[in-house]
Amino acid sequence: MPSNPKPLISHIYTADPSAHVFNGKLYIYPSHDRESPDGTVSNDNGDQYDMADYHVFSLTTPGGPVTDHGVVLSTPDVPWVSKQLWAPDAAFKNGKYYLYFPARDAEGVFRIGVAVGEKPEGPFVAEKDCISGSYSIDPAVFVDDDEGQEAYIYFGGLWGGQLQCWSKSASGEWVFDASKGGPQEPSGKGAVALFPRVARLSPDMLSFASPVQELQILDEKGSPIAADDHDRRFFEAAWLHKYNGKYYFSYSTGDTHYLVYAVSDSPLGPFTYGGRILEPVLGWTTHHSIAEWQGKWWLFYHDCEISGGVSHLRNVKMREIVHDAEGKIHLAD
Ligand code: FUB
């Protein structure tokens with residue numbers, strides 16, 4: 001596969017690809033980018049990312065044709081959503097398929113919802129309310145392959161994704177403060193980065209089964225990644241995969257535009273920073289997923305090749321990656 005592969009999908013704009021193998025086929029659950037009906041607004045709040053529905057795509061072989069299964073969920077189908085259907089993910093458990101998605105509620109606060117389907121390609125029927133206790137963006141669901149098949153949901157995103165607006169009260173509740181919107185992060189000497197969030201999912205996959213906790217990302221000395229370490233600190237685009245018994249948490253560094261990863265012996269962390277997966281792409285955002293398919297490991301990501309660099313009009317791509325003998329991730333040649 002070439003080092004700058006062609007977009008997988010070109011008849012609509014797609015981004016934030018979450019890829020999963022179900023029944024031997026590769027399914028992609030991306031965001032569906034569109035021109036904003038309100039014009040050309042573009043700001044750090046991400047208002048230009050004004051998506052209103054989701055399509056599902058599938059492939060039977062790498063490099064083969066991509067099937068568009070059409071719209072599987074849209075804004076009017078979800079009572080609690082006001083706007084902005086951002087990066088989704090999907091999972092399989094209990095013989096059912098689950099689509100997890102973030103969107104703004106009636107108050108403009110990002111929450112996470114879930115919709116259930118009988119088939120990987122949908123359609124999906126949304127629960128009436130968002131997941132209680134959920135907030136921010138970019139859900140990624142990992143179902144472990146061990147005996148308990150426990151499921152975990154990872155989420156969070158800075159700036160427009162509102163993660164910086166949430167802090168823990170003295171009684172342990174996560175509390176929202178709208179005044180912390182925009183590109184605000186911890187600052188000052190010794191400030192620790194904001195970390196992504198994780199919770200266990202209930203057996204029916206519809207609610208959180210544990211309190212939301214921070215997912216610690218440490219540097220090589222065992223110290224939490226610092227807030228001003230913009231090349232390594234978490235920004236958005238959580239993803240979890242397991243390789244050789246280790247848990248790999250990968251994410252975007254946002255304003256420095258890298259895809260990076262960290263490794264742990266536990267899905268709940270702490271994770272230790274491991275390195276970079278992808279250098280900046282054309283466009284502001286970078287967001288990905290990682291899946292094993294037909295004996296190889298693949299990185300799914302997006303850039304803005306088709307739109308010529310318009311950051312909210314993206315297209316999905318895939319490239320092979322390898323884990324080397326030390327477990328480090330590299331792009332395949
Ligand atoms: O697609 C909207 C947002 O852009 C996603 O939620 C972020 O991860 C970034 O890709």
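Couple of notes before you dig in:
- Atom-type composition of the exposed protein surface of the chain places 49 percent of the accessible area on carbon and sulfur (1.4 angstrom probe).
- Our estimate of slack between Gln294 and Ser36, defined as 0.36 nm per intervening residue step minus the Cα-Cα distance, is 89.1 nm.
- Where a label projected 7 Å from the Cα of Asp146 along Cα→Cβ would reach, residues of the range 253-294 with amide N under 14 Å: 264-270
- Distances between every pair of Cα atoms in the range 147-238, grouped in 5 Å steps from 0 to the bin holding the largest one, split as 3, 13, 19, 23, 19, 12, 7, 3, 1 percent.
- Put simply, the amide H of Lys83, placed in the peptide plane, has neighbours under 5 Å in Arg104, leaving out anything fewer than 5 places away on its chain.
- Pair-distance distribution of the range 216-333: all C-alpha pairs, bin width 10 Å, starting at 0; shares per bin in whole percent are 14, 45, 32, 9, 0.
- Going by accessible surface with a 1.4 Å probe and the largest first, Val281, Val78 read Val281, Val78.
- Under 5 Å from the amide H of Val192 lie the amide H atoms of Ala227, each residue being 5 or more positions distant or on a separate chain, with H modelled from the backbone and absent for Pro and chain starts.
- Charge dipole of the chain (Cα centre as origin; +1 on each Lys and Arg Cβ, -1 on each Asp and Glu Cβ, all else neutral): 220 debye, rounded to the nearest 20.
- In terms of distances greater than 19 angstrom between alpha carbons, the cross-link table entries Lys119/Lys246; Lys25/Lys96; Lys93/Lys246; Lys242/Lys296; Lys83/Lys119 yield Lys119/Lys246; Lys93/Lys246; Lys83/Lys119.
- Rounded to whole numbers, the Karplus 3J(HN,Hα) couplings from phi for the range 217-230 are 10, 10, 8, 5, 8, x, 8, x, 4, 7, 4, 8, 8, 5 Hz, using 6.51 cos²θ - 1.76 cosθ + 1.60 with θ = phi - 60°, and x at Gly and Pro.
- Within a straight-line Cα-Cα reach of under 19 Å, Lys180 can be paired with the following lysines, leaving aside sequence neighbours fewer than 8 residues apart in one chain: Lys168.
- Here the dipole of the range 12-70 is about 480 debye; that uses its Cα centre as origin and unit charges on the Cβ of Lys and Arg (positive) and Asp and Glu (negative).
- For the range 99-126, the residues whose amide N sits under 16 Å from a probe point set 7 Å from the Cα of Val71 along the beta carbon direction are 122-126.
- Amide proton proximity set for Gly70, modelled H, under 5 Å, gap of 5+: Val56
- Between the residues Gly113, Ser264, Asn244, the greatest Cα displacement towards the positive end of the dipole of the chain, with unit charges on the Cβ of Lys, Arg, Asp and Glu, is found for Asn244.
- For the range 227-333, the set of trypsin sites (Lys or Arg not before Pro) satisfying both a DSSP loop assignment and a count of at most 16 other C-beta atoms within 10 Å is given as Lys328.
- Per-residue Karplus couplings for the range 128-138, computed as 6.51 cos²θ - 1.76 cosθ + 1.60 with θ equal to phi - 60°, are listed in order as 5, 10, 5, 5, 4, x, 7, 7, 6, 10, 6 Hz, Gly and Pro entered as x.
- Linear extension gain, Glu326 paired with Ser266, 0.36 nm per residue minus alpha-carbon span: 19.8 nm
- Each 20 Å bin, from zero up to the one with the longest distance, holds this percent of the alpha carbon pairs of the chain: 34, 62, 4.
- Pairwise FRET efficiency - Ser223 versus Gln184, Cβ, R0 = 25 Å, nearest 0.05: 0.65
- Additional length obtainable on full extension of the chain from Asp333 to Ala209, 0.36 nm per residue less Cα span: 40.5 nm
- The HN-Hα couplings worked out from phi for the range 235-247 by the Karplus form 6.51 cos²θ - 1.76 cosθ + 1.60 (θ = phi - 60°) are 10, 6, 6, 5, 8, 10, 9, 10, 9, 6, x, 9, 9 Hz, whole numbers, x standing for Gly and Pro.
- For the range 23-98 versus the range 239-262, the gap between their alpha-carbon centres in whole angstrom: 21
The values are calculated or read from the model by the stated rules, or taken from the named source; none is laboratory data. Please read all numbers here as calculations on a predicted model, not as lab measurements. A quick note on method: Cβ atoms are made from the backbone with ideal geometry, for glycine too, and the neighbour counts reach across all protein chains shown. Areas reflect the complete protein model, heavy atoms only, side chains present, ligands, DNA and RNA absent. Shrake-Rupley method; radii C 1.70, N 1.55, O 1.52, S 1.80 Å.
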